[in-house]
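What follows is a short report on a single structure.
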Amino acid sequence: MEFNMTCDMSEIREAKMPNGLDLEIIYHPMRMKSLVNLVIAIERLKSRKSASVLCTEFRDENLLSIMLESIVEEQIVFPCGSAPTDQFSRTGEHQCSMTDSQKRNLILNENSMELNAVMLQGGSDSRKVNLNMSTYVHPSPTTEAQPVALAIKGTNLYLSCHSKDGRPTLHLEVVGDKNTLSSISSESEMMRFLFYKRDTGLNISTIMSARFPDWYVSTAEQDNKPVEMCMESANRYRTFNVQRQS
């Protein structure tokens, strides 16, 4: 910002310069930065030995170099708050059915509040659970996986993954108000409700915890066993047939 300055320049004129060197000052609107640079330059010239300034090899380039050394750097600091956290925003919801790679359905064990993978016999379809799948926009959009939240249709029970005794475990958790899941911060505890659905074939998907990467929803080799989290190296089934329902 430029402004007119009224100041006593006598001190600058009376500054003792090396013999043979005069200082000419041209008056014009100045900035404080310009004045500071001028004073510093004079002080540096005074500190130089007269012989080095008056020698025949002293040229305009040398004087320019001295002036450039006197430039005062200007930094503007803008106050800023903490960076906003990444948010997963819900975009929609649809119903779906899910069976594991052995064509077993998921049923709710109300005694243990767990999902079990069961090979249902004819006439037992009423036992299987269908899911409400909420889809989300990833803060850094990727085509590899879709962030989702999974709830048992007709209930307020949501799948969640959190650590128990240092190991990621799968739970069914009551969510009183599903609007609390409309936007989820990547740094919040609500990340336990998010999973990455990655398609590996036609309607074939893996379901990985968003909070604990490389931990997948899986089923056991034996029938009527709980659905649990596992790593890729575990001897469990990790792929599911996910069919969207109209």
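The values are calculated or read from the model by the stated rules, or taken from the named source; none is laboratory data. Small disclaimer: the values here were computed from a predicted structure and weren't measured. All Cβ positions, even for glycine, are placed from backbone atoms using ideal geometry, and neighbour counts span all protein chains on display. Keep in mind that these areas ignore ligands, DNA and RNA; they rest on the heavy atoms of the full protein, side chains included. Shrake-Rupley method; radii C 1.70, N 1.55, O 1.52, S 1.80 Å.
Condition first: outside any loop (DSSP other than H, G, I, E, B) and modelled with pLDDT under 95. Can you find one or more residues in region 74-86 that meet it?
no
For region 201-246, what are the residues that are among the polar types (S, T, N, Q) and either touching a strand residue (DSSP E or B) at 6+ places or on another chain (Cβ under 8 Å) or buried (at least 18 other Cβ atoms within 10 Å of the Cβ) (or both)?
Within region 201-246, ASN203, SER205, THR206, SER209, SER218, THR219, ASN224, THR239, ASN241, GLN243, GLN245 qualify.
Quick one: how many residues across region 225-246 are free of Cβ contacts under 8 Å to residues at least 40 places away in the same chain, of a type in the set (A, V, I, L, M, F, W, C) and in a loop (DSSP other than H, G, I, E, B)?
Summing the residues that are free of Cβ contacts under 8 Å to residues at least 40 places away in the same chain, of a type in the set (A, V, I, L, M, F, W, C) and in a loop (DSSP other than H, G, I, E, B) in region 225-246 gives 1.
Just need a number here: residues in region 107-131 that are open to solvent by 70 Å² or more (accessible area, probe 1.4 Å) and out of contact with any Leu (no Cβ under 8 Å at 6 or more places or on another chain).
Result for region 107-131: 8.
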